[in-house]
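**Student:** Sharing a structure here in structure tokens format.
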Amino acid sequence: MPRYTPEQLEKRNASVWTKVQGILAPIQFIIFLAGLTVTWLYTKGTITDFGWITAFVTLKTFMLVLIFVTGGFFELEVFGKFAFAHEFFWEDFGSAIAMIVHISYFILFWMGLEQQTLILTAYLAYLSYLINAAQFVIRLLLEKHNEKKLKAGRAV
């Protein structure tokens, strides 16, 4: 079932927030890849400063929150609800879980837990983002398919 009505599709295509999301999403993915790489290199002993892991988890968390907030403005403009609009419920739910896992890294860090626990939490945070990002990409591809069908129906 298509996510957008024809009117919502027009709003989506005209929204500045669509463009903002299109810019922020690839930046967030690059930060994810860099953070994952740094974490892996630390576990292999190539990087010895644990601060790099925390720096990238911090940057990744900031981007995750920024995309959630700007996505909320998008949902408000297109669907009339800031977050958890019916059409984006599961994506927003996944984003909330990813934010909880990312923020849990800092809670564990401030509690003084050992680095192995923090590394595992960083990997879990990156995994939660990856699952959520895959969910967005799959829905985007399905919507592009539905959009083509909608346009083909208008042309007939």
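**Student:** Find the lysine pairs in segment 6-156 meeting two conditions, Cα atoms under 19 Å apart and a separation of 8 or more places or different chains, and report how many there are.
**Tutor:** Working: LYS11/LYS19; LYS11/LYS81; LYS11/LYS144; LYS11/LYS148; LYS11/LYS149; LYS11/LYS151; LYS19/LYS81; LYS19/LYS144.
Number of lysine pairs found: 8.
**Student:** So between THR70 and LYS148, what do we pick up on full extension, going 0.36 nm a residue minus the alpha carbon distance?
**Tutor:** 25.5 nm
**Student:** If I take the Cα coordinates of segment 99-140 and project them onto the principal axes, what are the three extents in Å, biggest first?
**Tutor:** The principal-axis extents, from largest down, are 40, 15, 6 Å.
**Student:** Compute the whole-percent fraction of alpha carbon pairs in segment 6-151 spaced more than 24 Å apart.
**Tutor:** Result: 37 percent of Cα pairs exceed 24 Å.
**Student:** Please report how far the C-alpha centroid of segment 11-45 lies from that of segment 84-107, rounded to the nearest whole angstrom.
**Tutor:** First find each Cα centre; the distance between them is then 15 Å.
**Student:** What does the charge dipole of the chain about its Cα centre add up to, to the nearest 20 debye, if the Cβ of each Lys and Arg holds +1 and the Cβ of each Asp and Glu holds -1?
**Tutor:** Dipole about the Cα centre, nearest 20: 560 debye.
**Student:** How big is D for segment 20-77, in µm² s⁻¹ as a whole number, if Stokes-Einstein is applied with the Kirkwood radius of its Cα pairs at 25 °C and 0.890 mPa s?
**Tutor:** Calculated translational D: 200 µm²/s.
**Student:** With a cut-off of 8 Å between alpha carbons and a minimum separation of six or more residues, what is the relative contact order of the chain in percent? Before the final figure, lay out the partial values.
**Tutor:** Details: 115 pairs, mean separation 35.9, N = 156.
Result for the chain is 23 percent.
**Student:** Here is a follow-up. In whole Hz and in residue order, list the ³J(HN,Hα) couplings for segment 12-22 that follow from phi through the Karplus curve 6.51 cos²θ - 1.76 cosθ + 1.60, θ = phi - 60°; x for Gly and Pro.
**Tutor:** 4, 5, 8, 6, 5, 5, 5, 5, 4, 4, x
Read the figures in this text as sums done on the coordinates, not as results from a lab. It should be emphasised that the depicted structure is a prediction, and the values quoted were computed from it without experimental measurement. Please note: Cβ atoms are built from the backbone with ideal geometry, for glycine as well, and neighbour counts cover all protein chains shown.
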